[in-house]
Every structure is written in structure tokens, then in C-alpha cells.
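The structure under discussion appears below in the form of C-alpha cells.
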Amino acid sequence: MSARLRLERLSLGHRLGSCRTGDPEIDHYLHHAARNEQAQGLAAVHVAVDRHDAVVGFFTLSPLSLRADSRLHHLLGRNGLPYPQIGGFLLGRMGVDRARQGKGIGGELIELAAHTSAAHITHVGGAFLAVDPKSDTLVSYYERFGFVRIDPTGVRRRMLRVLVR
Ligand SMILES: CC(C)(COP(=O)(O)OP(=O)(O)OC[C@H]1O[C@@H](n2cnc3c(N)ncnc32)[C@H](O)[C@@H]1OP(=O)(O)O)[C@@H](O)C(=O)NCCC(=O)NCCS
């Protein structure tokens, strides 16, 4: 990531208190659930830290399998795969401290999440990075980074970025 920030796996030493994204649900997760979920193996939590050791943003990654229906085949550009499920990764939660928003950090975190996921493909396989945008406006934000909505007509906003072509 950029020279001013470094990416680390969340540990007990990180000070999370000053990182507030402005979204109460995301903030509650970071301050009250992230460490527990990571300890339980539900998600890996990656934090962006500045040169003063303050956490300025974060994202989580988890394994995810999706039903291999025709829409998923189409998005992945592969037809007739003989599997009921196809595996990938979920960009579960993400946020940037409100005071640091609008400076490209969110975009950098998305690229790092894709890069981290792609690095794991070598060892465990995986075809996509998925995200569930919290709002309709965020759909267009994730589109900037190559995510495509699985079902544009559906209620769910789930989007995928293909990791392997
Ligand atoms: C969404 C978020 C991570 C973006 O982080 P960021 O560092 O500000 O993002 P970037 O600097 O890379 O991009 C800024 C751009 O994203 C846009 N953007 C930010 N939040 C947005 C939203 N909710 N909907 C649509 N666009 C949004 C900004 O308008 C800005 O647009 P511009 O480039 O045309 O000026 C940050 O706003 C955040 O933490 N929000 C609260 C938590 C949240 O919603 N997390 C995502 C859950 S799915």
C-alpha cells in the first residue's frame, strides 16, 4: 500500500478507538466484534496503520462458496463446470476513518483485498472476490474496482470481481 500506510493483520496491540467510519454498524463491528470473529476463524481482519500507529481503515476476508448457477458461470466466463458450488472469498466488512475518507484509501484497501485473495488461490483455489454493498450508492463505488452485480434485477446487491481469467 502507499508509503504513508502499512497493512497488518489485526492484533491485540492495535488501537482501534480512533478509527470511526461514520457507519454505526461498521464501527460497532470494528470496535466490538472484529477481534472475536478473527479469533473464532470467521474472518481475517486486515488493518491499515499510519506512521503514528493509528488504525485508519480495515477490511475483512472470509472464504465463501456460491451456488454454481448459470449467472455465476456467465460471470466467471465458464460453462458446464461439474460442481454444485464454486469457491472464492468475501470482502465482508470494510471502512475508512471518516477524517481520512476521499483520499483513495478505500480503493487501495479493495485492491489489497483482491491481491490478498489472489495470493491464496495458489494454495487453496478460489475464483472470485465477492462483496455485499451496504447501500445502492455503494454499488457504483464497487463497480469502479471491477465488481459486477450477480443479479442486477434481484433484491440482493451481491457483486463479484473475477480473480482468475
Ligand atoms: C466506502 C468507504 C470505505 C470509501 O472509502 P474512501 O477512502 O473514502 O474511498 P476512496 O477515497 O477510494 O473513494 C472516494 C470516492 O468514493 C465515493 N464514496 C464514498 N462513500 C460512498 C458511498 N457510500 N456511496 C457511493 N460512493 C461513495 C466518494 O464519493 C468518492 O467519490 P469521488 O472519487 O468521485 O470523489 C468509506 O466511505 C467508508 O468507510 N464508509 C463507511 C463504511 C462503509 O460504508 N463501508 C462499506 C460497506 S459495504
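Of these, ARG4, ARG20, ARG9, ARG15, which one is closer than 23 Å to GLN101 by Cα and loosely packed, with under 11 Cβ neighbours inside 10 Å? Talk me through it step by step, then tell me what you get.
Values: ARG4 fails: loosely packed, with under 11 Cβ neighbours inside 10 Å; ARG20 fails: loosely packed, with under 11 Cβ neighbours inside 10 Å; ARG15 fails: loosely packed, with under 11 Cβ neighbours inside 10 Å.
Sole residue among the options that is closer than 23 Å to GLN101 by Cα and loosely packed, with under 11 Cβ neighbours inside 10 Å: ARG9.
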*For GLY126, which of the numbered conditions (1) in contact with a strand residue (DSSP E or B) (Cβ under 6 Å, 6 or more places away or on another chain); (2) at pLDDT 95 or above; (3) not in a loop (DSSP other than H, G, I, E, B) fails to hold?*
(3)
*Output yes when any residue across region 65-72 is surrounded by 16 or more Cβ atoms within 10 Å (Cβ to Cβ), within 14 Å of the ligand (Cβ to nearest atom) and either basic (Lys, Arg) or at pLDDT 95 or above (or both), and no when none is.*
no
*Any chance region 132-139 includes a residue that's away from the ligand (no atom under 16 Å from the Cβ), exposed (fewer than 15 other Cβ atoms within 10 Å of the Cβ) and either modelled with pLDDT under 95 or within 13 Å of the chain's Cα centre (by Cα) (or both)?*
no
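Residues checked against (1) assigned to a strand (DSSP E or B); (2) within 15 Å of the ligand (Cβ to nearest atom):
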position: LEU42; (1), (2): no, no
position: VAL47; (1), (2): yes, yes
position: GLY57; (1), (2): yes, yes
position: ARG93; (1), (2): yes, yes
position: GLY102; (1), (2): no, yes
position: SER117; (1), (2): no, no
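Say we look at region 146-157 and pick out the residues that are touching a residue at least 12 places away in the same chain (Cβ under 8 Å) and surrounded by fewer than 18 Cβ atoms within 10 Å (Cβ to Cβ); which of these is farthest from the chain's Cα centre (by Cα)?
Initial filter on region 146-157 (touching a residue at least 12 places away in the same chain (Cβ under 8 Å)): 146-148, 150-151, 156-157.
With surrounded by fewer than 18 Cβ atoms within 10 Å (Cβ to Cβ) added as a condition, the list becomes 146, 148, 151, 156.
Numbers: GLY146: 13, VAL148: 14, ASP151: 19, ARG156: 17 Å.
The extreme case among them is ASP151.
The values are calculated or read from the model by the stated rules, or taken from the named source; none is laboratory data. These numbers were taken from a predicted model, which means no experiment stands behind them. A quick note on method: Cβ atoms are made from the backbone with ideal geometry, for glycine too, and the neighbour counts reach across all protein chains shown.
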